[in-house]
Each structure stands twice: as structure tokens, then as C-alpha cells.
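Before any comments, here is the structure.
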Amino acid sequence: MAGKNQSTSKPTDEAQDLFNRASDNLKQGNWKDAIDDFSEAIRLHPTAAAGYRLRATAYIKAGNIPRAIADLDEAIRLKPDDVQLYYERASNLFRQRQLEEALADCKKGLELDEAHAEFVALRGKIHAEAGYSGRAKADFTRALELDPVNASNYLVMRADLSLSLEERQEALEDFNKALEIKPDNIYALCRRAGAFWGLGYKEEALGDFSRALELDPENTWALNGRGLLLADMARHAEAIKDFAKAIEDEPENPSPWEYRGESRFQTGDATGALGDLNKAMELDPDSDRIYNRRAAIYYRTKEYAKAVRDHMHALKIDPNSAETFNSLGWIWSTVPDPTIRNGRRAVDCATRACELTEFTNPNYLDTLAAANAEIGKYDDAVRWIEKAIALVNKPDQREEYQYRKDLYANRQPLRVTPQ
């Protein structure tokens, strides 16, 4: 009998040793070794749910979410009443944007423990991503009630949702409460800065970004945020310093290169601006926004052919960009250089921009009017600019559009020399 007990315990002992070694590798960041050890341990002890759960963690760290989900499937099969397993699988399904499957796991998990606050909050995030904002807010509020100890986290989640819905005052109130609890929360500081900025409180926003950078001087998110705010305040020299620091800290991040390029152009450094945008493009060649931004600089420096080339490339990346269609329509209908203008293509592009925005964007209607004027359809040009005028409230913009309406009524096309 002793020999029999010894022989049956050996694989279990070996599996435990492998689990221990795999766990050590997991702690040390040796993901591949951890996966290999967990795999061998699972082979020896295939009914231990913990093995699949821990290997799933290693797969997540290694960036292989589908394999992690497969392991969590097996762990749940072995332990169908484990709430935490459902939470972990729902979290990873959410990361994969498998929203319906993630919500199904939330339903199962919360049937097992309806007071699991983190699970309720996770469901809120999934609801928000799926577009169910009312349900999401209700979930975040419920999580607050269930777990007041971690109220700051749930307040930030609810504030983030409000900010995404452009409910900036509500977002500000929740960020304020969250920061009363945890005043050094860098994420909340940067997000509250966004709420302040959106409400027009730029100095307050600047204070939040600066406080975040006092806490973490190398936080590139805060550096880029403050830099963009300073640029919006026309403090481009200061913005350039923030973007330069962000580039120093994360040279492979295309964003600060792109942002610095725009601020450099605003200070009159077109060569430096183009150099920065070229670097951003090298780091992120599939960004239509960077191509459009470089095109805008070429347009403003009157290199119209290069601007058209970049806008056309941006359109290949995103064939449904109303902004890009509008930019091409504007160049082809308004630039002073007759070798660049192309009225027919301008009408096609401006029409497509308006179609994509359901004829509700006054700037795009303005371009459509100019394009029609370029091909001699002045009555249509007047009709479209009148629609644009009806959609704007700013006096200076209405005055500009009225000038163009008079131009078209007098059978004259629009010519614009970029400043």
C-alpha cells in the first residue's frame, strides 16, 4: 500500500514543484518560462483550475489574450461557481472588444455574487463601450454604493463617461470628489484638466496638468496634454518645451513629434515643423491625421501640389474621412493657382464630405458652395452658402459667409490665399 501511495503522489508532487517554479517565473517577468512550466504542470495535473488561471495570467502578460481566454474557459469548466474566474474572463473579453460575450460573463458572475462591486463597475465599462450610457452610469453608481472604500475609482469611471458624453460639469463634480479622496491621482488630474479645458477654464486646466507633472515629471500623457493646452493658449514656445520633454522620454511615440510640429509652424519654423511631422509619419505611417496635418502646412506655405498629394494619401488610409474630402474640395476650388484647381473633383469631394456629415456641417457646406462656384453653378453656390449661414451663430463667421454669398450672387468664384 505504501508503494501505491508513493507512486500516485509523485506526479502531484512534481506538478506542485512546477507550479511553484512557474509562479516564481511569473513574478520575475519570465513569461515564456512561466507558460512552459504551467503547461507541464497542467499535463501532470489536468483537473487543477488554478493551473489554467495562472497560465492565463502569463499569457496576458505575454500579450496573448486569446490563449488566456481559452485557459479561463477551461478553468471555469472545472470551477463553474468561481466568481473571480468569470470576472477575469469578462475583463479579457472586454479587452478583445467581445462585448456581448463579456456581458454574458457579467450576468453569470453577478448571479453568483450580486454585491461584487468590481464586477458591477466592469459591467459599467462594457455598457459604456457598447453605447448603453444610462446603464453604465447606473452601474458605476451602484459600485459606489457597494464599495465606498474604493469610491475614488468608481467616481473617476463615472466622470470619464460623463466627459465622453460632453457632460463636462457632471464630470467635473465627480473628478472633484475623486480628488478629494485621492489628491495625487495623476489620471484623475489629467482628466479633470480636460473637463476644465472643455468648460473654458484654461488656467484651472493648466494647474491640474502642472500638478500631475510635479507628481511625475516624465508622464508623457500629462506633458502632451499640457503642451496642447499651452498651444491652444498661443503659448507655443512653452508648448514646444513640453513636447520636447515628451519626445526625450518616449522618442518612439509619434504624438509629441506631431504636436511639436504644429507648434513649431505657429512660431514660424516651417522647416522644423515639417521635420517633426516627417518623423511622426515614420513612426506611424498609417495615420491619416498626420498626413492631413502635413498637408495643412504645405497648403499654408502655398505648396499646393504637395498638400493635395498628402490629402490623397490620407484618403487611401481612411476612405470615409469627411475632413479629408473637405480639404481636397477646398484646395481644388479656391487656391489662386489655376494649374491646381479642379472644379469637378472639388464638387465630388465637397459633396461626399457633406453626405458623410448629413449636410449639417457649415464648413463643408461652405466648401460645396465654393466648388459649385468654381464650375460656374453660381445659383447652387448661393443655395449652399445660405444653408451654411443658417447653421452658424458666430457673427464673424456669418459675416464671412455673407461676403461669399454676395460674391457668388455677382457670378464670381472664391479665391483664397492662405495666411
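Selection of first residues in region 93-111 that are touching a residue at least 60 places away in the same chain (Cβ under 8 Å) and loosely packed, with under 13 Cβ neighbours inside 10 Å and of second residues that are among the charged types (D, E, K, R) and in a loop (DSSP other than H, G, I, E, B), restricted to Cβ pairs under 6 Å at least 6 apart or on distinct chains, gives an empty result.
For region 327-340, a residue qualifies if it is part of a loop (DSSP other than H, G, I, E, B), closer than 18 Å to ARG404 by Cα and either at pLDDT below 95 or not β-branched (Val, Ile, Thr) (or both), and exactly one does: PRO336. The condition of being crowded, with 16+ Cβ neighbours inside 10 Å and under 24 Å from ALA212 (Cβ atoms) holds for only one of ILE317, ILE331, ILE247, ILE297, that being ILE247.
Taking the listed residues ALA102, ALA58, ALA70, the one that is more than 23 Å from ALA143 (Cβ to Cβ), modelled with pLDDT of 95 or more and in a helix (DSSP H, G or I) is ALA70, with no other qualifying.
The residues listed here are PRO46, PRO80, PRO66; of these, the one that is closer than 22 Å to ASP113 by Cβ and exposed (fewer than 15 other Cβ atoms within 10 Å of the Cβ) is PRO80.
Okay, residues lined up against (1) more than 16 Å from HIS127 (Cβ to Cβ); (2) touching a helix residue (DSSP H, G or I) at 6+ places or on another chain (Cβ under 9 Å); (3) buried (at least 16 other Cβ atoms within 10 Å of the Cβ):
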position: PHE140; (1), (2), (3): no, yes, yes
position: TYR154; (1), (2), (3): no, yes, yes
position: ARG168; (1), (2), (3): yes, yes, yes
position: GLU180; (1), (2), (3): yes, yes, no
position: ASP184; (1), (2), (3): yes, yes, no
position: GLY194; (1), (2), (3): yes, yes, yes
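Applying the selection to region 172-199, what residues are farther than 22 Å from GLU118 by Cβ and under 21 Å from the mean Cα position of the chain (by Cα)? Once the filter is applied, which keeps residues that are farther than 22 Å from GLU118 by Cβ and under 21 Å from the mean Cα position of the chain (by Cα), region 172-199 yields LEU172, LEU189, CYS190, ARG192, ALA193, GLY194, ALA195, PHE196, TRP197, GLY198, LEU199. The residue list ARG135, ARG123 contains one member that is in contact with a Cys (Cβ under 7 Å, 6 or more places away or on another chain), assigned to a helix (DSSP H, G or I) and either over 29 Å from ALA41 (Cβ atoms) or basic (Lys, Arg) (or both), which is ARG123.
Among the residues that make up region 292-299, is at least one of them more than 19 Å from ASN224 (Cβ to Cβ), assigned to a helix (DSSP H, G or I) and touching a residue at least 40 places away in the same chain (Cβ under 8 Å)? Scanning region 292-299 turns up at least one residue that is more than 19 Å from ASN224 (Cβ to Cβ), assigned to a helix (DSSP H, G or I) and touching a residue at least 40 places away in the same chain (Cβ under 8 Å). The residues on offer are LEU213, LEU223, and the sole one that is crowded, with 20+ Cβ neighbours inside 10 Å, among the aliphatic types (A, V, I, L, M), part of a helix (DSSP H, G or I) and in contact with a Pro (Cβ under 9 Å, 6 or more places away or on another chain) is LEU223. Inside region 4-18, residues that are modelled with pLDDT of 80 or more and touching a helix residue (DSSP H, G or I) at 6+ places or on another chain (Cβ under 7 Å) make up a count of 1. All of LYS316, LYS405, LYS387 fail the test of being under 31 Å from the mean Cα position of the chain (by Cα), at pLDDT 95 or above and outside any loop (DSSP other than H, G, I, E, B), apart from LYS316. Selection of first residues in region 182-194 that are more than 13 Å from LEU213 (Cα to Cα) and touching a residue at least 12 places away in the same chain (Cβ under 8 Å) and of second residues that are crowded, with 20+ Cβ neighbours inside 10 Å and among the β-branched types (Val, Ile, Thr), restricted to Cβ pairs under 8 Å at least 6 apart or on distinct chains, gives the following pairs, ordered by first then second residue: ARG191/VAL156.
Within region 302-330, the only residue that satisfies the criterion of being of a type outside the set (Gly, Ala, Ser), more than 16 Å from ASN342 (Cβ to Cβ) and in contact (Cβ under 8 Å) with a residue 40 or more places away in the chain is LYS302. Residues in region 73-86 that are free of Cβ contacts under 8 Å to residues at least 12 places away in the same chain and in a helix (DSSP H, G or I) were compared, and the one that is farthest from ASP105 (Cα to Cα) is ARG77.
Of all residues in region 350-361, those that are under 12 Å from ALA388 (Cβ atoms) and at pLDDT 95 or above have Cβ atoms under 7 Å from Cβ atoms of residues that are assigned to a helix (DSSP H, G or I) and among the β-branched types (Val, Ile, Thr), 6 or more apart or on another chain, in ALA350/THR367.
The residues of region 253-287 that are touching a residue at least 24 places away in the same chain (Cβ under 8 Å) and among the polar types (S, T, N, Q), listed by number, are ASN253, SER255, SER263, GLN266, THR267, SER287.
The values are calculated or read from the model by the stated rules, or taken from the named source; none is laboratory data. Given the structure is predicted, the values throughout are model-derived calculations rather than measurements. With ideal geometry, Cβ positions are generated from the backbone for all residues, glycine too; neighbour counts draw on all protein chains shown.
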